[in-house]
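Scroll down for the structure; my scribbles are underneath it.
Here, each number is a calculation from the coordinates, and none is a lab measurement. These figures come from a predicted structure and were not determined experimentally. Note: ideal-geometry Cβ built from the backbone for every residue, glycine included; neighbour counts use all protein chains shown.
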Amino acid sequence: MNGLEFSGTISRLDLLVAGAWTTVWISGASMVLGLLIGLVCAVAMGVSRPVRLIVLIYIEIIRNTPFLVQLFVVYFGLPSLGIRLSPVTSAIIGLSIYGGAYLAEIIRAGIDNVPPGPIEAARALGMRGPTIFRSIVLKPALASIFPALSGQFVLLLQSSSLLSAISVAELTGAGNDIQSLTVRNFEAFVFVAGFYILLTTGFRLVFAAIARMSFRFKYPAR
């Protein structure tokens, strides 16, 4: 077959739309859970040396192994321990653990960059530890690292393209299904690439809006 033929892919756009929606909600859930994991780990690194060591081991394991291998460990390895998970549940757990390791380092860097002066002043005023952490430490830290967090969230979205390896019907998986049906690999994945561009652009716009609403002092509206 010669030339480009997009009609077969266009007639199956519903598969790509469904796959894109699966990508969005799985990535969104993983971002929230990954952020919680990252925040807990970032705070834990300042608790004690043994706890810091445990967190650092977790981070190094995740950083030095491919995400696909981590995904296979969750999906194929846990059943050998009697823990059976659906592909979607395995995908969310795998992405959350993967993202949490990188987010922990980003958040910890933000916390470490908060100057000690405001913290000492808050203590002198009698503010309690949790209030100091939430208002004096965490908010300025998140404001300073929000661009890095946004970038990591987008990378997490793009990493979801590997979930088709465990039979999750996300966007790349939908592209594989279409190219199998149409025998038009290039045309199918041109549309897949277009959908990813739309998704990542949409996510960046959402994150920019969140930054302007949450951290007006640092990201004023233009």
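Observations
- Residue among Ile106, Ser11, Leu142 farthest towards the positive dipole end of the chain, charges placed on Cβ: Leu142
- Applying 1/(1 + (r/R0)^6) with R0 = 45 Å to the Cβ-Cβ distance of Ala109 and Asp14 gives a FRET efficiency near 0.55.
- If the chain linking Leu68 and Leu4 were pulled fully straight, counting 0.36 nm for each residue of separation and taking away their Cα-Cα distance, it would gain 19.8 nm.
- Helical runs assigned H by DSSP (4 residues or longer) give the chain a calculated mean residue ellipticity at 222 nm of -23500 deg cm²/dmol, each run adding -39500 (n - 2.57) before division by the residue total.
- Here the average projected area of the convex hull drawn through the C-alpha atoms of the chain stands at 16.1 nm².
- Taking all Cα pairs closer than 8 Å and separated by 6 or more residues, the relative contact order of the chain comes to 30 percent.
- The mean of 1/r over all pairs of different alpha-carbon atoms in segment 53-165, once inverted, gives a Kirkwood hydrodynamic radius of 16.2 Å.
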